1. Working only within the range 118-148, note down all residues that are more than 16 Å from ligand 4 (Cβ to nearest atom), of a type in the set (Asp, Glu) and touching a residue at least 12 places away in the same chain (Cβ under 8 Å).
2. Filter the range 212-228 down to residues that are under 28 Å from GLY148 (Cα atoms) and among the aromatic types (Phe, Trp, Tyr) and give me whichever is farthest from ligand 3 (Cβ to nearest atom).
3. What pairs come up if the first residue lies in the range 212-231 and is without any contact (Cβ under 8 Å) to a residue 24 or more places away in the chain, the second is surrounded by fewer than 14 Cβ atoms within 10 Å (Cβ to Cβ) and of a type outside the set (D, E, K, R), and their beta carbons are under 8 Å apart, counting only those six or more places apart or on different chains?
4. Search the range 54-68 for residues being of a type in the set (A, V, I, L, M) and surrounded by fewer than 24 Cβ atoms within 10 Å (Cβ to Cβ), and hand back the single one that is nearest to ligand 4 (Cβ to nearest atom).
5. Quick one: which of ALA195, ALA111, ALA146 is surrounded by fewer than 21 Cβ atoms within 10 Å (Cβ to Cβ), under 21 Å from the mean Cα position of the chain (by Cα) and not in a strand (DSSP E or B)?
6. So SER264 ticks every box in (1) surrounded by fewer than 22 Cβ atoms within 10 Å (Cβ to Cβ); (2) over 25 Å from GLU239 (Cα atoms); (3) touching a Cys at 6+ places or on another chain (Cβ under 9 Å) but one. Which box is left unticked?
7. Would you point out the residue of the range 231-256, among those that are surrounded by fewer than 24 Cβ atoms within 10 Å (Cβ to Cβ) and more than 16 Å from ligand 4 (Cβ to nearest atom), that is modelled with the lowest pLDDT?
8. If I go through the range 198-217 residue by residue, how many of them are under 22 Å from the mean Cα position of the chain (by Cα), more than 21 Å from GLY154 (Cα to Cα) and part of a loop (DSSP other than H, G, I, E, B)?
Amino acid sequence: MSPGTPRGRRRRRNAAATVRPRCPRLPFGAFAPIANGVNHGAGAARARRFYNGPVPATLNADLHCHSVVSDGTLTPEQLAERARGNGVQLWALTDHDEIGGQHRAAAAAAAQGMQYLTGTEISVTFAGTTVHIVGLGFDPDDAQLADGLAQTRGGRGQRAQEMAQQLALVGIRGAFEGALRYAGNPELISRTHFARFLVETGACRDTSEVFRRYLTEGKPGYVPHRWAALGDAVRWVTEAGGMAVIAHPARYKFSANEEFALFSEFRQHGGRGVEVVTGSHAPSEYGTYADMAREFGLAASRGSDFHSPDESHVDLGTLPPLPADLTPVWELLADRIRPAP
Ligand code: AMP
Ligand code: MN
Ligand code: MN
Ligand code: MN
């Protein structure tokens, strides 16, 4: 591996104080701030501005979680109550490929006295791998975003039928109907719903065991799927007035070169943020992606990725704060935050 490759660069980053990134570190000044018209879509022009004052960097923000509108087990209202109970001040509901819960979530946040950013988590295929892109602060009534998400959801029914056929081959019958019973939104049947069904049947003790033994590449019930293109997902969000954020980057099984390509292309498409402190990372991974945020000039996000009181190891609002030198995404999205009443 030559020293100029991403892997060589990453070793130096961790090894020595004299780290010299190959590409210049881009200060935030290198980007026009979102409020100054970087977003050119009609949706962005229409997007309502809420607030223009300062937002404290130390806010308890939780900008990633799921409700029954995708693969969570709580309603938007129950999530809002739980978030508030845990001290969350700024919240976003980020259902997979769905924004159907956004108006309910915004109202529930207001009822709990929390600030709110609209959210979603878009399934993308990049370099043959599924990558998740969180969108924050967009106009929830933007037609292009709604169409893009509807297209992205579109293949899920067929995929689920094929997953059930694969499971039947190893003796697990009725998985499509079984998973559908767990899906609060029939358009959004996901592997999580199959996982709950496999726990119900006694095939596995918990959902973590399901994802070790089934539903993942090389295991029974896995069906490859083509999701949205990276550039499309970033564009739908930014043209709707919001910010695209790379979700839980440590979860992807990329080589260093592929990861470098993801971050570079994401930036070129207009992506602005990366999750640094997330319930889907081990604490030891926070530092790695704080470095990536610095190197690529990305703002940092924080979110539990909470799905269910019975399944999630990290509760809403309980993660450590972001490293103090990083720019939190909510600073750049200040005028997209719906204020607490
Ligand atoms: P899908 O979008 O249908 O491919 O389902 C992806 C969802 O499955 C993720 O959002 C997680 O909620 C869940 N999931 C994937 N891998 C795991 C895992 N190893 N452990 C627990 N849940 C997982
Ligand atoms: Mn999920
Ligand atoms: Mn995800
Ligand atoms: Mn998630």
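The values are calculated or read from the model by the stated rules, or taken from the named source; none is laboratory data. Small disclaimer: the values here were computed from a predicted structure and weren't measured. A quick note on method: Cβ atoms are made from the backbone with ideal geometry, for glycine too, and the neighbour counts reach across all protein chains shown.
1. Correct list: ASP139, ASP142.
2. This residue is TYR222.
3. GLU217/PRO224
4. Taking the range 54-68 and keeping what is of a type in the set (A, V, I, L, M), we get 55, 57, 59, 61, 63, 68.
Next, only the ones that are surrounded by fewer than 24 Cβ atoms within 10 Å (Cβ to Cβ) stay: 55, 57, 59, 68.
Working: VAL55: 23, ALA57: 23, LEU59: 20, VAL68: 14 Å.
Per the stated criteria, the residue is VAL68.
5. Checking each option against the conditions leaves just ALA146.
6. Checking SER264 against (1) surrounded by fewer than 22 Cβ atoms within 10 Å (Cβ to Cβ); (2) over 25 Å from GLU239 (Cα atoms); (3) touching a Cys at 6+ places or on another chain (Cβ under 9 Å), the one that fails is (2).
7. Among residues in the range 231-256 that are surrounded by fewer than 24 Cβ atoms within 10 Å (Cβ to Cβ) and more than 16 Å from ligand 4 (Cβ to nearest atom), the one modelled with the lowest pLDDT is LYS253.
8. In the first step, residues of the range 198-217 are kept if they are under 22 Å from the mean Cα position of the chain (by Cα); the result is 207-208, 210-212, 215-217.
Filter once more, so that each one left must be more than 21 Å from GLY154 (Cα to Cα): 207-208, 210-212, 217.
Those left that are additionally part of a loop (DSSP other than H, G, I, E, B): 217.
Summing the residues that are under 22 Å from the mean Cα position of the chain (by Cα), more than 21 Å from GLY154 (Cα to Cα) and part of a loop (DSSP other than H, G, I, E, B) in the range 198-217 gives 1.
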